[in-house]
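What follows draws every value from the coordinates through simple rules; no lab data is involved. All figures in this text were calculated on a predicted structure; none of them were measured in a lab. Here Cβ is always computed from backbone atoms with ideal geometry, including for glycine, and neighbour counts include all displayed protein chains.
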Amino acid sequence: MELKQGVKPLGITTEIILAVLIASEVYKSFEVDFVVTSITDGKHSQQHSLHYSGNAFDIRIKNIPDKKMIDEIFLEIRRRLTNDYQVVLEPTHIHIEYQPAF
Ligand SMILES: [Zn+2]
């Protein structure tokens, strides 16, 4: 596991740490390096992005060899997390956020 230079973990929630661990295991099972590219740092599209409260993180996908494997990794991460997590496949990264329904 690796943090991209500039990533700020200040304020990350325990719920997100757990998801980071699970997603890391998925990448490891595919023998792909796991690089976190954003936690509470950076500029995010939605004004009230869950990144700013430590409830979201992004993972690099450009190091995954092909589109099919990207889809498989994305689906496996989603399968292993509960419905309180939203896993979104963006053009440049996988975004994971924690937002329980109740
Ligand atoms: Zn994100």
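Taking the residues in region 53-102 that are aromatic (Phe, Trp, Tyr) and free of Cβ contacts under 8 Å to residues at least 24 places away in the same chain as candidates, determine which candidate is farthest from the ligand (Cβ to nearest atom). Step by step, filter region 53-102, then rank; the result is Phe102.
Residues are listed down the side, and each one gets a yes or a no for (1) surrounded by 14 or more Cβ atoms within 10 Å (Cβ to Cβ); (2) over 25 Å from Gly6 (Cβ atoms):
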{"position": "Glu31", "(1), (2)": "no, yes"}
{"position": "Asp41", "(1), (2)": "yes, no"}
{"position": "Lys67", "(1), (2)": "no, yes"}
{"position": "Asp71", "(1), (2)": "no, yes"}
{"position": "Thr92", "(1), (2)": "no, no"}
{"position": "His95", "(1), (2)": "yes, no"}
